[in-house]
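Participant: The structure under discussion is supplied below as structure tokens; questions concerning it will follow.
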Amino acid sequence: MEPSLGLGGGGTGGGGVGEQTAMMEKDYMGMSKEAELELGLGLSLGNSGAGGGGGGGAAVVKGKGSAWGEYGRILTAKDFPNGFSCGTSGAANGGGTKRERAATDGVDEGCTAAAVSSQVVGWPPIRSYRMNTLFSQTKTSNVEENKGVGGNENNEKSNKKINHGNDKNDAALKERGHLGFVKVNMDGLPIGRKVDLNAHKSYETLAKTLEEMFFKPSLTIRSCVTYACLMLAAIESGGGKEQSIQPPKLLDGSSEFVLTYEDKEGDWMLVGDVPWGMFFNTVKRLRIMRTSEANGLGLLSRTLLPKISDPVVQIRRKLDFLLHYCSYHISTLIEQVIDYRLKYDNWTAISGVIRNDVLFHFNFSSFFSTQVCLPIFIATFSPSLLSSFS
Amino acid sequence: MLNYFPEEVLEHVFDFVTSHRDRNAVSLVCKSWYSVERFSREKVFIGNCYAVNPERVIARFPRVRSLTLKGKPHFADFNLVPPDWGGYVYPWIEAMAKHGINLEELRLKRMVVSDESLELLAKSFPNFKSLVLVSCEGFTTDGLAAIASNCRFLRELDLQENEVDDRKGQWLSCFPDSCTSLISLNFACLKGEVNAAALERLVARCPNLRSLRLNHAVPLDTLQKILTQAPQLNDLGTGSFVHDPDSETCGKLKNAMKKCKSIRSLSGFLDVNARCLPAVYPICTNLTSLNLSYAPGIYSNDLIKLICHCKKLERLWVCFFIKLIHYTYFFSGVPLSNQGLNWIMQILDTIGDKGLGAVASTCKELQELRVFPSDLYGVGNAGVTEEGLVAISAGCPKLNSILYFCQQMTNAALITVAKNCPNFIRFRLCTLNPTIPDAVTNLPLDEGFGAIVQSCKGLKRLSVSGLLTDQVFLYIGMYAEQLEMLSIAFAGDSDKGMLYVLNGCKKLKKLEIRDSPFGNVALLADVGKYETMRSLWMSSCEVTFGACKTLAEKMPRLNVEIINEGEEIEASPDDRHRVEKMYLYRTLVGPRRDAPDFVWTL
């Protein structure tokens with residue numbers, strides 16, 4: 001059984017792709033659905049069908065309209081206009097009808113419903129009224145709820161306000177005609193932007209706008225590979241159930257950046273805690289902060305979580321450095337990987353040279369020695385090799 | 001012998017026959033029964049507004065007083081039907097006005113209702129009493145103002161989950177002072193504000209008010225005043241429930257609630273602080289229906305506390321969701337290891353399932369349960385799993401209707417559920433990942449659903465999800481003898497699946513299929529079947545134009561509609577071309593004339 005990057009499987013023909021693209025809706029965070037990397041859904045949705053065996057191989061990789069459909073593609077630079085376009089394909093979907101599943105489909109469990117459902121129009125089947133009402137609400141976190149999770153009385157409650165206390169605020173908000181433009185600065189960028197809060201009714205749309213403003217393609221490519229490595233990290237340090245991680249988003253913290261705001265009292269707060277109305281009322285300006293600096297704002301102390309294995313953190317930090325250094329060559333790198341794969345049909349290892357002075361060594365054997373086939377492209381960096389860069 | 005029965009007697013007897021199905025059966029007995037029945041029928045139910053036209057309905061039932069109409073196909077709820085597809089109520093209202101029908105009640109579902117229709121409605125029927133709109137669209141608060149102003153004997157205005165454009169008028173203030181007949185008022189789906197004072201006065205002058213559902217914008221002190229004025233309420237929708245638990249208003253609210261001894265149904269909580277929930281505990285003891293599905297602010301532990309008070313609950317709608325993992329990940333700033341994620345997931349799964357466990361141990365009278373997800377985009381979306389469902393089935397033997405969104409499912413769980421609850425009439429299971437296999441064995445969920453259909457002999461409605469092969473349809477065809485509505489998505493392997501269903505389910509009325517590999521062979525195998533059904537929806541399947549055309553030719557009393565969106569609006573598509581969306585339904589009146597460009601009736 002060929003290890004699946006799903007290169008073998010995937011779409012039937014070109015016709016399938018077009019329809020599929022049409023079908024995909026933007027996820028409500030603003031990134032196009034195709035942009036989400038996800039583990040394991042052995043699903044080839046819509047028309048393009050899982051069938052189409054290995055024939056797609058050579059034609060598959062380059063360029064967009066691949067026979068493969070959106071769900072099985074390897075990342076290439078061409079896919080990165082705004083977000084990144086990658087997807088899963090059927091795990092070992094080689095051949096057969098779109099409903100065929102290999103035994104190795106265990107990854108299905110690992111896939112979050114979120115990632116899957118966001119890729120399909122009308123799934124899960126929730127009435128659009130309910131969707132609009134519930135999912136356009138702000139994300140509200142609450143001290144009580146965090147308490148509920150870990151039972152950890154040591155949570156830092158002090159910084160957090162109770163969410164729904166202040167209905168007066170909401171009433172006032174409705175009456176005011178608030179001039180909505182606020183400044184937005186991002187760490188590392190000397191020049192800031194302004195965003196009109198009036199144009200938004202929820203955190204999601206705001207985050208989307210900010211992402212579009214600030215996350216340029218090179219950063220996104222970088223984010224993409226970072227994301228891939230994060231997943232690797234999650235898998236390597238664990239065992240058991242794979243979890244998929246959302247691609248970087250300003251609100252959910254999987255990115256290197258965190259969205260914060262300064263309120264009327266001059267305090268810097270994490271965006272997303274209070275209802276939108278309250279936020280709207282009190283925000284003075286926004287800042288996109290590095291996650292590392294924002295940790296002080298966190299509620300859950302690290303002691304609550306299991307100890308993160310060191311090598312993972314190390315890899316990540318080194319990867320950050322590498323990516324910083326050569327982000328715009330990642331696409332070349334990826335193409336090389338793919339070429340190698342096609343040529344040798346062998347996933348054990350591949351080396352690539354980028355910019356003449358940075359050597360990457362991809363070691364896939366640790367993945368594919370497990371019985372789980374990962375249908376997405378994951379890059380990893382061998383620790384021993386990385387040490388030469390530190 | 002029956003010929004000697006005077007018609008008056010027959011009519012009197014028929015008065016006791018209320019269900020439309022029974023009336024339809026009665027009318028088929030003989031010509032005289034048909035004749036008596038049609039003149040005495042006051043309530044007409046039309047499950048597909050395009051199956052017949054207003055003129056024919058009026059001609060047959062000249063004394064109709066109550067009309068129920070359904071418009072768009074069910075999958076329109078999930079954005080699978082483009083806007084402007086159809087389902088306009090105006091022609092119906094116009095026709096009834098023209099023929100002098102004494103309309104008193106209009107109940108619409110998934111229809112397009114314009115302000116003009118509402119205005120015409122309000123002005124044409126002096127005895128109009130009841131308007132119920134479910135999942136409709138196309139109107140604004142101006143239309144509601146017309147209803148409020150003109151319907152002097154209005155008893156019921158019930159707006160459920162409609163998309164209403166709020167024009168910031170004062171529609172509620174349009175109820176004249178002379179209006180004292182309101183029994184039921186539900187405007188929970190409206191987004192804008194209403195005049196609080198007008199609302200309070202309206203409630204005060206309607207002593208028969210039994211059901212009141214407020215929207216998000218009604219402030220809490222108004223709710224408190226209303227409850228003080230109307231302690232006779234049976235059904236309350238609180239709107240938002242946000243307040244400072246220590247405030248005076250909250251204290252007054254608690255007292256007011258204690259006096260509302262008749263409330264049996266509670267909903268709302270559109271925005272809620274969990275600390276405020278104890279105010280409703282006094283009502284909980286007698287509650288039979290509780291809808292918390294729009295209350296994402298109630299987290300599982302508080303939910304559990306609330307439910308423990310609700311021992312008489314028969315109907316429960318909740319959402320379980322945990323956004324926490326989202327934030328956990330967020331705050332830590334580094335990626336969680338797998339172990340970390342697993343650990344958190346287990347806790348959260350437990351809370352979700354634990355909540356259901358609380359329901360199972362408290363609500364022994366439970367008949368209907370709906371569990372919605374309320375955050376689809378969080379990392380590691382926990383929520384509920386098969387364990388929660390099993391717990392419910394074990395604890396609530398009277399359960400007959402369930403809608404359950406879950407993270408994962410197993411065959412073993414479904415088999416257990418089938419054994420515990422053989423009384424299901426409606427069983428809808430939705431795995432958030434549409435093709436997820438059994439979480440333990442990795443097998444398809446065929447056996448699980450097979451057990452459900454085998455055990456629940458009265459099953460009328462079924463929605464399946466998860467990894468499913470043709471086998472599950474074999475079971476459905478074999479065992480689901482009473483099945484009337486079946487929803488299929490991402491399931492099956494071949495035409496055989498659909499054929500099993502079409503051949504087996506004799507009482508099937510509505511079949512809706514999406515993203516499944518059923519094609520022409522299945523579609524054309526038994527064309528006569530479709531005249532026994534209300535409708536068939538197939539989207540993203542393997543059906544081609546040619547087959548649809550063939551079907552349309554063979555069956556002139558079916559409307560076979562193809563919905564073409566976007567790209568290929570070709571003049572004459574290739575017969576071999578796959579059809580993206582097909583909706584066919586039986587009809588007495590041929591192709592509809594209000595179809596938009598993108599809908600072709602073959």
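Since every read-out is calculated from the coordinates, none of them should be taken as a lab result. What you are looking at is a predicted structure, and each value in this text was computed from that prediction instead of being measured. Please note: Cβ atoms are built from the backbone with ideal geometry, for glycine as well, and neighbour counts cover all protein chains shown.
Participant: Can you list the HN-Hα couplings for the stretch B:170-177, worked out from phi with the Karplus curve (6.51, -1.76, 1.60; θ = phi - 60°), rounded to whole Hz and with x for Gly and Pro?
Facilitator: Per residue, the Karplus-derived 3J(HN,Hα) values read 10, 4, 5, 5, 6, 5, x, 4 Hz.
Participant: Turning to a different aspect of this structure: Treating only the Cβ atoms of Lys and Arg (+1) and Asp and Glu (-1) as charged, compute the dipole magnitude of the stretch B:502-602 about its Cα centre; round to the nearest 20 debye.
Facilitator: 840 debye
Participant: Sort B:485-491, B:313-319 by the packing proxy (mean of other Cβ within 10 Å over each peptide's residues), most packed first.
Facilitator: B:485-491, B:313-319
Participant: Please report how far the C-alpha centroid of the stretch B:36-75 lies from that of the stretch B:395-459, rounded to the nearest whole angstrom.
Facilitator: Here the two parts' Cα centres lie 36 Å apart.
Participant: Per-residue mean of other chain beta-carbon atoms within 10 angstrom of the beta-carbon, peptide B:534-547?
Facilitator: Counting Cβ atoms of other protein chains within 10 Å of each residue's Cβ and averaging gives 1.
Participant: For B:E8 and B:E553, compute 0.36 nm times the residue count separating them, minus their Cα-Cα distance, and round to one decimal in nm.
Facilitator: The B:E8-B:E553 span can extend by a further 191.7 nm.
Participant: Once the piece of chain linking B:R21 and B:K509 is laid out straight, how much longer is it, given 0.36 nm per residue of separation minus the C-alpha distance between them?
Facilitator: 174.4 nm
Participant: Then there's this: To the nearest 20 Debye, how big is the dipole of chain B about its Cα centre, given +1 on the beta carbon of each Lys and Arg and -1 on that of each Asp and Glu?
Facilitator: 2140 debye
Participant: Still on this structure, I have one more. Summarise the partner chain shielding of B:435-445 as one whole number: the mean count of Cβ atoms from other chains within 10 Å of each residue's Cβ.
Facilitator: Average per residue, whole number: 4.
Participant: Quick one: which residues, 5+ away or cross-chain, put their amide H under 5 Å from the amide H of B:N400? H built at 1.01 Å from N.
Facilitator: Correct list: B:E368.
Participant: Now a separate question. Tell me which residues come under 5 Å, amide H to amide H, from B:K364 once H is placed; ignore anything under 5 positions away on its chain.
Facilitator: Answer set, sorted by chain and number: none.
Participant: Another one. Can you list the HN-Hα couplings for the stretch B:117-128, worked out from phi with the Karplus curve (6.51, -1.76, 1.60; θ = phi - 60°), rounded to whole Hz and with x for Gly and Pro?
Facilitator: 4, 5, 5, 4, 4, 5, 8, 9, 10, x, 9, 4
Participant: Given R₀ = 41 Å, FRET efficiency for B:T285-A:A199 by Cβ-Cβ distance, to 0.05?
Facilitator: Result of the calculation: an efficiency of 0.30.
Participant: I would also like to ask the following. Using amide H atoms built in the peptide plane, which far-off residues or other-chain residues are under 5 Å from B:L459 H to H?
Facilitator: Amide H to amide H, under 5 Å and 5 or more residues apart or across chains, B:L459 pairs with B:Q482.
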